[in-house]
Amino acid sequence: MFDFSIVTNWIHQTLTSLMPEGLAIFLECVVIGVCIILMYAVLAIILIYMERKICAFFQCRLGPMRVGKWGLLQVPCDVIKMLTKEIIDLKFSDRFLYYLAPFMVIIASFLTFACLPVSKGLEVLDFNVGVFFLLAASSIGVVGILLAG
């Protein structure tokens, strides 16, 4: 496996030579955050497509085949459809908790992705208690689902 610690050290040295160290660390954190979000989105798209194909196979049908070649554009079309739907506002709900719930689920999954060591030098959070933090961060999502209900 490729050793990313050499690359990250080179990037850090290059950035600190061009700007103050605080700004360089902030930019590194932003780039890592964007990479995590991209990894999260690509993995979600692949898994949704695979789930639909496998469910279709179990039910003896073809699955998503109408939008794009082999149905590859079905997931982006569904995202656009969900974004254009009407948002229903519940009358007697606790609005703060109701709107907090999706953020809790997304933050829990981002924290879980952040502590996964992709390669040496390419981890966001480096803990001695990594497995325990992974379990704790992934369990926060359940609270968000309960709040949404």
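Observations on the structure shown:
- Charged-residue dipole, Cβ positions (Lys, Arg, Asp, Glu), the stretch 49-91 about Cα centre, Debye nearest 20: 180
- Share of carbon and sulfur in the accessible area of the stretch 56-119 stands at 72%, probe radius 1.4 Å.
- Think of the chain as a dipole: +1 on every Lys or Arg Cβ, -1 on every Asp or Glu Cβ, centred on the Cα centre; then among V67, G149, I11, V67 lies furthest on the positive end.
- When C77, C29, C115, C60 are compared by accessible area of protein heavy atoms, the largest-first order is C60, C29, C77, C115, using a 1.4 Å probe.
- Among the protein heavy atoms, those of L116 account for about 80 Å² of accessible surface (1.4 Å probe, every chain in place).
- Projecting the Cα atoms of F58, I87, L134 onto the dipole axis of the chain, where Lys and Arg carry +1 and Asp and Glu carry -1 at the beta carbon, places F58 farthest toward the positive end.
- The charge dipole of the chain, taken about the Cα centre with unit charges on the Cβ atoms of Lys, Arg (+1) and Asp, Glu (-1), comes to about 840 debye, rounded to the nearest 20.
- Estimated vicinal HN-Hα couplings, Hz - the stretch 74-85 in sequence order (Karplus 6.51, -1.76, 1.60; Gly, Pro = x): 5, 5, x, 5, 5, 5, 5, 4, 5, 6, 8, 6
- For the chain, modelled as a GNM whose springs connect Cα atoms under 10 angstrom apart, the maximal fluctuation among Q59, Q13, Q74 occurs at Q59.
- Charge tally in the Cβ shell below 14 Å around P64, where Lys, Arg are +1 and Asp, Glu are -1, P64 excluded: +4
- Computed over the chain: relative contact order in percent, which uses C-alpha pairs under 8 Å that are six or more apart: 27
The values are calculated or read from the model by the stated rules, or taken from the named source; none is laboratory data. The structure presented is a predicted model; accordingly, all values stated were derived computationally and were not measured. Using ideal geometry, Cβ is built from the backbone for each residue, glycine included, and neighbour counts are taken over all protein chains shown. Each accessible area value is taken on the protein alone, full model and side chains, heavy atoms only, with ligands, DNA and RNA left out. Shrake-Rupley method; radii C 1.70, N 1.55, O 1.52, S 1.80 Å.
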